[in-house]
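Beneath this line is the structure, given in structure tokens, with notes to follow.
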């Protein structure tokens with residue numbers, strides 16, 4: 001996060017790494033889609049580091065896709081991912 005602050009010209013000392021969860025509003029204007037999208041943010045109390053990039057194992061992903069989507073879709077996803085790998089590696093090398 002401090003790298004992002006440096007890039008954006010922000011003071012990293014002002015970052016908030018923990019906070020109180022927000023009470024989910026009881027608003028009739030909130031749709032189920034909105035609640036589904038926002039509930040994770042509202043219930044969070046800190047930065048979720050489990051989503052941090054740790055590299056990518058294509059063989060493992062391919063097996064997960066086979067279980068989740070079936071072999072035909074998994075194979076198509078794998079081919080598309082392989083084609084995009086150079087772009088992925090380029091962007092990953094420049095991540096903040």
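Across segment 42-56, the number of residues qualifying as within 13 Å of the chain's Cα centre (by Cα) and either surrounded by 10 or more Cβ atoms within 10 Å (Cβ to Cβ) or touching a residue at least 12 places away in the same chain (Cβ under 8 Å) (or both) comes to 2.
Figure legend. Inter-residue proximity from segment 7-20: first residues surrounded by 10 or more Cβ atoms within 10 Å (Cβ to Cβ), second residues part of a loop (DSSP other than H, G, I, E, B), beta-carbon distance below 8 Å, spacing 6+ or different chains. Indicated pairs: 12/1; 15/1; 19/44; 19/45.
Checking 78, 90 one by one, the residue that is exposed (fewer than 10 other Cβ atoms within 10 Å of the Cβ) and either without any contact (Cβ under 8 Å) to a residue 40 or more places away in the chain or in contact with a strand residue (DSSP E or B) (Cβ under 8 Å, 6 or more places away or on another chain) (or both) is 90 and no other.
Taken residue by residue, segment 61-81 has at least one member that is assigned to a loop (DSSP other than H, G, I, E, B), modelled with pLDDT of 90 or more and over 25 Å from residue 19 (Cβ atoms).
Only residues that are modelled with pLDDT of 90 or more and assigned to a helix (DSSP H, G or I) were counted across segment 13-32, and they come to 2.
The values are calculated or read from the model by the stated rules, or taken from the named source; none is laboratory data. Not measured: the values here are computed from a predicted model. Positions of Cβ are backbone-derived with ideal geometry, glycine not excepted, and every protein chain shown enters the neighbour counts.
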